[in-house]
Structure formats: C-alpha cells, structure tokens
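For reference, the structure discussed in these notes is given below.
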Amino acid sequence: MLKLKSLKEPPSRADGLRIMIARYGIRGQKKEYRQWDQWKEEGWKELAPSPALLREYVKQKKISWDEYVVKYTLEIKSNPKALEALSRLKSLIATRTVTILCHCKHEKHCHRSIIKQMIEDEDSKR
C-alpha cells in the first residue's frame, strides 16, 4: 500500500516505511529528529523534481500544474536512476505499507501524487 503525506503532518505508526522524495532536507533539523526512515542515502531523492523544474513551477509560476506534470514525468522517465528508484518503490509497496513524503503541504499539487499515479497507471496496464 502506498500513502502520501507532507512532512508537515505528524508521523503515525500506520505510515509504515517513511520515505522522503524531496531533493533537500529540512534546514536546521538535527539528524535524530528527522521524520523519515529513508532518503538520499538510499537514492530516493532521484524521485524529486529537478531544481530548475521546481523553480519554474513553484517560485516563478511560469508553468501550470498540467505542464509541470508532463515535464516531471519526462524527467523521471529519462533518468535511469529515477526509474530504478521507482521500480524499488513498486517492489516495496507490494509487500508493505510505504508513505512517501515531501515538503509540499497539499498532495494534490505535489510530485508525490504524480509518482502514485505513475505506479497506478502501470499497475492498471498489467
């Protein structure tokens, strides 16, 4: 099972394995207070949007959500490390509960919802 959560939401036992898929951690947070189980050491930050794409969508507001979805999906599909991370994520959720986390407050306009949709789309093709 795959769940989505913001880092702003408190952790729960029901979250299972908590994986952060953001490019950067929380500033000033000590390692012992982090709220995720896995992140960059395990290669999960490969599932984060590139800094340029994030800046274009969030900071500069140059592109719409629909354009962001297309560009982000292309980034993932053209990055072998991201595809490998996505494959590992699929394997994990087949056997346990996994919650993917990032800084975005709302999952509706967050890359974690795109990741979930990519997984669901691939599962429906089988």
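Restricting region 69-79 to residues that are open to solvent by 70 Å² or more (accessible area, probe 1.4 Å) and either of a type in the set (S, T, Y) or in contact with an Asp or Glu (Cβ under 9 Å, 6 or more places away or on another chain) (or both), which is nearest to Q117 (Cα to Cα)?
Looking at the filtered set, the residue picked out is K71.
Of the residues S91, S113, which is surrounded by fewer than 20 Cβ atoms within 10 Å (Cβ to Cβ), part of a helix (DSSP H, G or I) and touching a strand residue (DSSP E or B) at 6+ places or on another chain (Cβ under 7 Å)?
Answer to the selection: S113.
Is it true that some residue in region 34-45 is open to solvent by less than 50 Å² (accessible area, probe 1.4 Å) and on the phi > 0 side of the Ramachandran plot?
Yes: region 34-45 contains one or more residues that are open to solvent by less than 50 Å² (accessible area, probe 1.4 Å) and on the phi > 0 side of the Ramachandran plot.
Mind checking whether some residue in region 4-11 is at pLDDT below 95 and either polar (S, T, N, Q) or in a helix (DSSP H, G or I) (or both)?
yes
Any idea which of (1) in contact with a strand residue (DSSP E or B) (Cβ under 6 Å, 6 or more places away or on another chain); (2) open to solvent by less than 70 Å² (accessible area, probe 1.4 Å); (3) not basic (K, R) is the one H103 doesn't satisfy?
Among (1) in contact with a strand residue (DSSP E or B) (Cβ under 6 Å, 6 or more places away or on another chain); (2) open to solvent by less than 70 Å² (accessible area, probe 1.4 Å); (3) not basic (K, R), the lone unmet condition for H103 is (1).
Tally up the residues in region 52-65 that are more than 17 Å from R112 (Cβ to Cβ) and open to solvent by 60 Å² or more (accessible area, probe 1.4 Å), please.
Residues in region 52-65 being more than 17 Å from R112 (Cβ to Cβ) and open to solvent by 60 Å² or more (accessible area, probe 1.4 Å): 5 in total.
The values are calculated or read from the model by the stated rules, or taken from the named source; none is laboratory data. Keep in mind the model is a prediction, meaning the values are calculated, not measured. Note that we place each Cβ from the backbone using ideal geometry, even for glycine, and neighbour counts take in every protein chain shown. Heads up: the accessible areas ignore ligands, DNA and RNA and are worked out on the full protein's heavy atoms, side chains in. Shrake-Rupley method; radii C 1.70, N 1.55, O 1.52, S 1.80 Å.
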